[in-house]
Every structure is written in C-alpha cells, then in structure tokens.
There are 2 protein chains.
Amino acid sequence: MPVLNVHHIAIVVPDIDHELDFWQAALGLTVEHREEVPEQETVVAIMPVGGSEVELVQPTTETSGMAKYLAKRGQGLHHVCFEVDDIEEVLTRLKAKGIRLINEEPVVGVGGSRVAFVHPKSASGVLVELVQSG
Amino acid sequence: MPVLNVHHIAIVVPDIDHELDFWQAALGLTVEHREEVPEQETVVAIMPVGGSEVELVQPTTETSGMAKYLAKRGQGLHHVCFEVDDIEEVLTRLKAKGIRLINEEPVVGVGGSRVAFVHPKSASGVLVELVQSG
C-alpha cells in the first residue's frame, strides 16, 4: 500500500509553552524534541503518539503562511501528514488524476525529510502533507 | 503510556461519494466500511491507514452539530481521536487539571465504542476525542 501511516497531525498555536498544560501535563504526551524550521518560519514541538506524532507549530514571524492562517482562523488543526513509500510515484499518480498540488515535486520538510503538500481544494478541504518514508 | 495511538482523523464533508475521487481513487485508501451513527445524525466512511483511520463524516440532517459546523466552516478537518488504555482514568486526570470536557463521562461512539470529547477551548483549538482501547 503506498500510504503507510498517519505520520503526524499539525496544530498551529501562538505559543507552544502555553499549550503544554493540556498536551503534556494533562494528556500525558511528551515533547521529544523541538526544531526550528527556518524555511517555514516556524518552531515545531514534536510529541510521539504510537506510530504517529502530534506537532505543535508556532510561527516565528508574522509574514509566513502559517502566521496568516493563525491570525485568520485561530489556533487549531492545520494539516495532516501521511507517510508514503514512494513520494514521486504518489505525486505522479495524483497529477494524473487531476489533483491540485501545492508542491509538484518534493521539498525539504522537518528533519530534512522530503515532503509535498496537496491543495485542500482537492482533498475535502484538508491540507494534506505527504512525507517520504525512511 | 495512557495515550496509545492516533485512532482516527475525522473529516466532515457534504457528500462522501463525491470525495472518494481523492481519498480512494487517487491517494489509494480503501473504504473498509460505512456506518450510520443515528445518535450523531451522520454516516461515516472508514478508511484504514496503518494503525489509524481516516473517517469521512457526512451529516444526515441539517440540525446536528456536525451539519452546523459544515455550514459555518465548510468541509475539512473536524476532530482527532486518540486511543487510550483507560478512558475513566484519563477523564479523571483531565478534570483534576481543570480541562474543559464536552463529555464528563464516556458516551457511545462509532461501532459501540466508549468515547468522550474534550472541548477545543482546552486543547489548542482542537476538538479532541478519546476512545477506550479494545
């Protein structure tokens, strides 16, 4: 199967530390690490859950797409990322089916991974990220 | 660890069949089964992904909370559900921490499961569902 797993769920927040009362202290998840992602003008706190992760994403500027999304819609679910075994093959198939892509080719994501985003217009209103496995 | 896994991601849509071009034909997921959930006035199409599921949720009336959410915000991510090993223990801990709950005690969810929802005000703007494992 080309889609292996829910890799992560990303939640955009104005202040990661302010949100840890719920995710860490109350729910019991643990921030495994934090990472600055300069390309996306964000900092990300990664909390493993089973074979997936919850990512809290905090914009570090006011000009990024993430910051504008936060200003417009408020904090909450931002995107879901699926791990795939062959991202080029999946992107080729999506293009052949007329699916609208934000990234026609893989770009660099968190931790140097290879990722691509599908446009919500083609995915039930959901911003879908794909990440290459391994 | 009390939180075991991402059990499912729920996406609210006006018409499940219309959305399968992306999730099934293009992305390659498979609808394992559909279920009417009269208590929630919805029908749900369940697509396994690794150890999790993507659920497409279609309101069957215009009066349910889900239908109103769809009318107001449009289709897209609705909630994320985490599988826990002891839902009573988790709810007790959340209450002790002052987390706002929609369900103070478990209620019946999809497939007769025992579930409870956490209010988005206490969970970074995310509607969080908890489901008892097993």
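Nothing in this text is a laboratory measurement; each read-out follows from the coordinates by a stated rule. Model, not experiment: these values are computed from the prediction. Because the Cβ atoms are built from the backbone with ideal geometry, glycine has one as well, and the counts that use them run over all protein chains shown.
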Report summary line: Counting sequence-distant residues (5 or more places) and residues on other chains, those with an amide H built under 5 Å from that of A:H78 are A:A10, A:I11, A:V12
Query - Whichever lysines have a C-alpha closer than 26 Å to that of B:K97, once near sequence neighbours (fewer than 8 apart) are set aside - result: B:K121
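Would you work out if the range A:3-132 is rounded, prolate or oblate? Take a ≥ b ≥ c from the square roots of the eigenvalues of the alpha-carbon gyration tensor; rounded if a/c is under 1.5, else prolate when a/b is larger than b/c, oblate otherwise. Working shown, then result.
Values: a/c = 1.92, a/b = 1.49, b/c = 1.29.
Because a/c hits 1.5 or more and a/b exceeds b/c, the range A:3-132 counts as prolate.
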**Report entry** Simple label model, 7 Å out from Cα along Cβ direction - A:T60 to A:V107, nm
**Finding:** 1.6 nm
**Report entry** Long-range amide H partners of B:S52 with built H, under 5 Å
**Finding:** A:V6
Report task. Enumerate the calculated ³J(HN,Hα) couplings along the range A:28-42 in order (Karplus 6.51 cos²θ - 1.76 cosθ + 1.60, θ = phi - 60°), each rounded to whole Hz, writing x wherever the residue is Gly or Pro. Result -> x, 6, 10, 6, 6, 7, 10, 9, 7, 10, x, 4, 9, 6, 9
Query raised in the report: Which angle from 0 to 90°, rounded to the nearest 10, does the C-alpha axis of helix A:87-96 make with the longest principal axis of chain A?
Result: 60 degrees
Query raised in the report: So what J values fall out for the range B:57-63 if you push phi through Karplus, 6.51 cos²θ - 1.76 cosθ + 1.60 with θ = phi - 60°, rounded to Hz, Gly and Pro as x?
Result: 10, 10, x, 9, 10, 9, 10
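Ranked highest first by the average count of other Cβ atoms within 10 Å around their residues, in what order do A:16-29, A:92-105, A:34-47 fall? Working shown, then result.
Values: A:16-29: 18.4, A:92-105: 14.1, A:34-47: 16.4.
Result, highest mean Cβ count within 10 Å first: A:16-29, A:34-47, A:92-105.
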